[in-house]
Amino acid sequence: MALLCGAATVDITPEVGGQMDGYGYRRAGSQGIADRLKASVVVFEATRSAGASGGAGGGGGQRVAIVAADVIGFPESLAGPTRDRIAAALGVVRERVMLTATHTHAGPAAGILKDRPVDDRYWEGVRERIAGAARRAVQALQPVVIAAGTGSVAFPVNRRDAVRRAAGNPTPGPVDRSVRLLAAVGTGTGRPVAVVAHASCHPVTLGPTHHLISADFPAGLYERLAGLGVPVLFVNGSAADINPNRLEGESEMERRDRCGAELARTAEAILERALEQVGGTGTPSATWRSPEHASAGDAVIHCKEISLRLPLEELPGPERLEEEIRRLEAELETANDPGRHVTERRLGWTREALRLRSAFPGPLWLDAAIQAIRVGGCAFLGLPFEVFTATGLAILEAFPAERDRIFIAGYTNGAYGYLTPRYVLEEGGYEADSAYFWYGMPNRYAPEAEEIVRTEAVRLLREIVRDVP
């Protein structure tokens, strides 16, 4: 068996003037373009022939794709049709396509904020352009080996520390500053075919008063590695409670460029070390593999997706919801910007909650799928949530030998809000008390929901990492 890889990138920058996503307080449309947005597709295929693709079926089904796009997220209304279009282009089923968003807050409205109109024509164009990139990636398939490595950056900080102190917990919140990098390296050339860089941080260097389209700090990664001449994907990890730090006197654009430059330097250094793993013939001199399947080598591809039913908290009774509606309606009569639209959104959610409470008086739940893909010695875990650092670290702790080669991808294949651990619900704050109504969720997650996802994610990864068929 040999491993093939091909990759392609497409521009998905929207027209100026459209609505933006990410900040409830930002009401006006975009006013210009700071940098172009893109979507990149990397396709891996295991085949018995080292010199050719396995055909439309992907070498007997051994074909997977990872797609990263500079948008805030993919709600199910976008994720499903987009994955289906990519899968059709690749000749595979949807479950073999991982669609992840960088989570930039300076991109087009995607339906994350429920009060923002979504440009259906734009998103149909995005689907078609990404599908076209997928077809080009297949045409570019060539034999590769996988080189990987890790590093770290200093700019991510836990944004909930003030909330923790207010809740009586003076301990700073956890931060994962690690950077992971995967390079698919052409055999015989020793040069990258595609690069995937992974870190955990909200792309919010550009705040709610910013009205220029931008990939945010990942733009610095793309710019610095552009000289490679190959697609570079940024995969965001467990970033729910992580923001880029602020330096005194620094403008937003300076902050973006500083963080992007640090990420890019780190990725470049990891890549340089990773390329030393392969010689001129593309033979790995040092590569990670699970101990049970060392002979499987780089050509191992394994993919699985499972659906989970996650409990939500019970809604208040009808009387309490009706009382809250009357209070918000009275508040709206005297409300002014910038807070007026917050009251409007909360009122809209409460009215919907009353309707839902009447129609479904029993327990509420949400169905969401999680996905894992293994390519050689690296594994990708796709989670359709904003994932907290503690959750990501707990998953990695189950794999002490493999953790540096596990890429936890939040914002993937869906957008089901903040997956709030029990301690976050107890502490409160935006992620626990407000984010769910901006996302338009029926209610916030019950405390055990995060525990279910965490447990099942570990189980799924164990199958992918250690139990390759």
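Mind telling me which of the residues N236, N245 ends up being in contact with a Cys (Cβ under 9 Å, 6 or more places away or on another chain), surrounded by fewer than 19 Cβ atoms within 10 Å (Cβ to Cβ) and at pLDDT 95 or above? Show your work before the answer.
Values: N236 fails: surrounded by fewer than 19 Cβ atoms within 10 Å (Cβ to Cβ).
Answer to the check: N245.
Each row is one residue, and each column tells you yes or no for (1) buried (at least 22 other Cβ atoms within 10 Å of the Cβ); (2) more than 20 Å from the chain's Cα centre (by Cα).
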{"site": "D115", "(1), (2)": "no, yes"}
{"site": "V144", "(1), (2)": "yes, yes"}
{"site": "G151", "(1), (2)": "no, no"}
{"site": "A154", "(1), (2)": "no, yes"}
{"site": "R165", "(1), (2)": "no, yes"}
{"site": "V175", "(1), (2)": "no, no"}
{"site": "G190", "(1), (2)": "no, yes"}
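For the stretch 158-184, give me each residue that is more than 20 Å from H198 (Cβ to Cβ), among the β-branched types (V, I, T) and touching a residue at least 40 places away in the same chain (Cβ under 8 Å).
Scanning the stretch 158-184 gives a single hit, V163.
Do you know which of the residues in the stretch 376-396 that are in contact with a Phe, Trp or Tyr (Cβ under 7 Å, 6 or more places away or on another chain) and not in a strand (DSSP E or B) is surrounded by the fewest Cβ atoms within 10 Å (Cβ to Cβ)?
G377
Of the residues that sit in the stretch 150-171 and are in a loop (DSSP other than H, G, I, E, B) and touching a Lys or Arg at 6+ places or on another chain (Cβ under 9 Å), which one is nearest to R258 (Cα to Cα)? Walk me through it before giving the result.
At the first step, the residues of the stretch 150-171 found to be in a loop (DSSP other than H, G, I, E, B) are 153-155, 159-160, 167-171.
Narrowing further to those that are touching a Lys or Arg at 6+ places or on another chain (Cβ under 9 Å): 153-155, 170-171.
Working: V153: 11, A154: 11, F155: 9, P170: 29, T171: 28 Å.
Residue satisfying both the conditions and the ranking: F155.
Residue-by-condition table, conditions (1) under 20 Å from the mean Cα position of the chain (by Cα); (2) surrounded by 24 or more Cβ atoms within 10 Å (Cβ to Cβ); (3) more than 26 Å from D433 (Cβ to Cβ); (4) not charged (D, E, K, R):
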{"site": "A109", "(1), (2), (3), (4)": "yes, no, no, yes"}
{"site": "S178", "(1), (2), (3), (4)": "yes, no, yes, yes"}
{"site": "P203", "(1), (2), (3), (4)": "yes, yes, no, yes"}
{"site": "G207", "(1), (2), (3), (4)": "yes, no, no, yes"}
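Would a scan of the stretch 27-46 turn up a residue that is more than 22 Å from the chain's Cα centre (by Cα), at pLDDT below 95 and either within 18 Å of F407 (Cβ to Cβ) or in a helix (DSSP H, G or I) (or both)?
Within the stretch 27-46, none of the residues are more than 22 Å from the chain's Cα centre (by Cα), at pLDDT below 95 and either within 18 Å of F407 (Cβ to Cβ) or in a helix (DSSP H, G or I) (or both).
Quick test for you: out of A167, A194, A147, A162, pick the one residue that is under 22 Å from A401 (Cα atoms) and not charged (D, E, K, R).
On the way: A167 fails: under 22 Å from A401 (Cα atoms); A194 fails: under 22 Å from A401 (Cα atoms); A162 fails: under 22 Å from A401 (Cα atoms).
Just one listed residue meets the conditions, A147.
I'd like the full set of residues that are surrounded by 16 or more Cβ atoms within 10 Å (Cβ to Cβ) and not in a helix (DSSP H, G or I), limited to the stretch 342-364.
Across the stretch 342-364, the qualifying residue is only L364.
Taking the criterion of being of a type in the set (D, E, K, R) and not in a helix (DSSP H, G or I), would at least one residue in the stretch 135-149 satisfy it?
Looking through the stretch 135-149, none of the residues is of a type in the set (D, E, K, R) and not in a helix (DSSP H, G or I).
Can you find even one residue in the stretch 280-296 that is at pLDDT 50 or above and either surrounded by fewer than 18 Cβ atoms within 10 Å (Cβ to Cβ) or in the same structural domain as Y418 (by TED's automatic domain parsing) (or both)?
no
With respect to A274, determine if the residue is modelled with pLDDT under 95, surrounded by fewer than 13 Cβ atoms within 10 Å (Cβ to Cβ) and outside the structural domain of R351 (by TED's automatic domain parsing).
So A274 fails the test.
Can you pull out the residues in the stretch 411-445 that are touching a Pro at 6+ places or on another chain (Cβ under 8 Å) and either surrounded by fewer than 19 Cβ atoms within 10 Å (Cβ to Cβ) or over 22 Å from G237 (Cβ atoms) (or both)?
Passing the criteria: only R422.
In the stretch 47-75, what residues are at pLDDT 95 or above and outside any strand (DSSP E or B)?
Scanning the stretch 47-75 gives D70, V71, I72, G73, F74, P75.
Of all residues in the stretch 81-104, how many are assigned to a loop (DSSP other than H, G, I, E, B), of a type in the set (V, I, T) and surrounded by 22 or more Cβ atoms within 10 Å (Cβ to Cβ)?
Adding up the residues that qualify gives 3.
The values are calculated or read from the model by the stated rules, or taken from the named source; none is laboratory data. Here the structure is a predicted model, which is why all the values come from computation and not from measurement. Quick reminder, even Gly has a Cβ in these numbers, built from the backbone with ideal geometry, and neighbours come from all protein chains shown.
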